[in-house]
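First the structure, in the form of structure tokens, and then the observations on it.
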Amino acid sequence: VQLQASGGGLVQAGGSLTLSCVDSRRTFSNNAVAWFRQAPGKEREFVGAISWNGSSTLYADSVRGRFTVSRDRANNAVYLKMNSLAPEDTALYYCAAARGSIATSRDEGYRYWGRGTQVTVSS
């Protein structure tokens, strides 16, 4: 598994962005995938996750109802659709593939990590 996250950028508060996570080796179709984020001076935190087949999703309370995780197994990609963005959403966003197929919010459950993509929300 080799993950690449993309789609970050600068957006105004209230705007939307969609992040993409692609496995360049096309091997994570049977793994759960999650998004985490880390703001400057803060610990990395869980954002959302999706099971291997997309049947189950998990979200942090801070993003539930605003963010949506989805996956396209045919194209070996996972997405994070972010709506109603706020300045507190500003962070480096990472995708990670789990050791197994079940989604979890615990970062120790994820074995493969991609480089982050920066999301900056201006007020």
Short to long, in 5 Å steps from zero, the percent of alpha-carbon pairs of segment 1-101 per bin is 3, 14, 25, 26, 18, 10, 4, 0
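With a Förster radius of 22 Å, plug the Cβ-Cβ distance of Q118 and R26 into 1/(1 + (r/R0)^6) and report the FRET value to the nearest 0.05. Write out the running numbers ahead of the final one.
Values: r = 26 Å, r/R0 = 1.16.
Approximately 0.30, to the nearest 0.05.
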In segment 36-112, the GluC sites (Glu not before Pro) that sit in a DSSP loop and have at most 14 other Cβ atoms within 10 Å of their own Cβ are E43
Residues whose built amide H sits under 5 Å from the amide H of T104, excluding neighbours closer than 5 in sequence, are none
Expected vector for segment 42-59, Karplus 3J(HN,Hα) from phi with 6.51, -1.76, 1.60 and θ = phi - 60°, integer Hz, x for Gly and Pro, equals 10, 6, 5, 10, 6, 10, x, 8, 9, 6, 4, 9, x, 7, 9, 10, 10, 9
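Hey, any idea what % of the chain's accessible area is carbon plus sulfur with a 1.4 Å probe?
Numbers: 2750 of 6270 Å².
Of all accessible area on the chain, carbon and sulfur atoms account for 44 percent.
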Whole-Å distance linking the alpha carbon centroid of segment 71-123 with that of segment 7-33 is 6
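Out of all DSSP beta bridges in the chain, what portion is antiparallel? Express it as a percent rounded to 5. Before the final figure, lay out each step's value.
Numbers: 36 of 42 bridges.
Roughly 85 percent of the DSSP beta bridges within the chain come out antiparallel.
The values are calculated or read from the model by the stated rules, or taken from the named source; none is laboratory data. Being a predicted model, the structure only gives us computed values, none of them experimental. Every residue, glycine as well, gets a Cβ built from its backbone with ideal geometry; the counts of neighbours run over all protein chains shown. Surface accessibility is based on the protein's heavy atoms, side chains included, excluding ligands, DNA and RNA. Shrake-Rupley method; radii C 1.70, N 1.55, O 1.52, S 1.80 Å.
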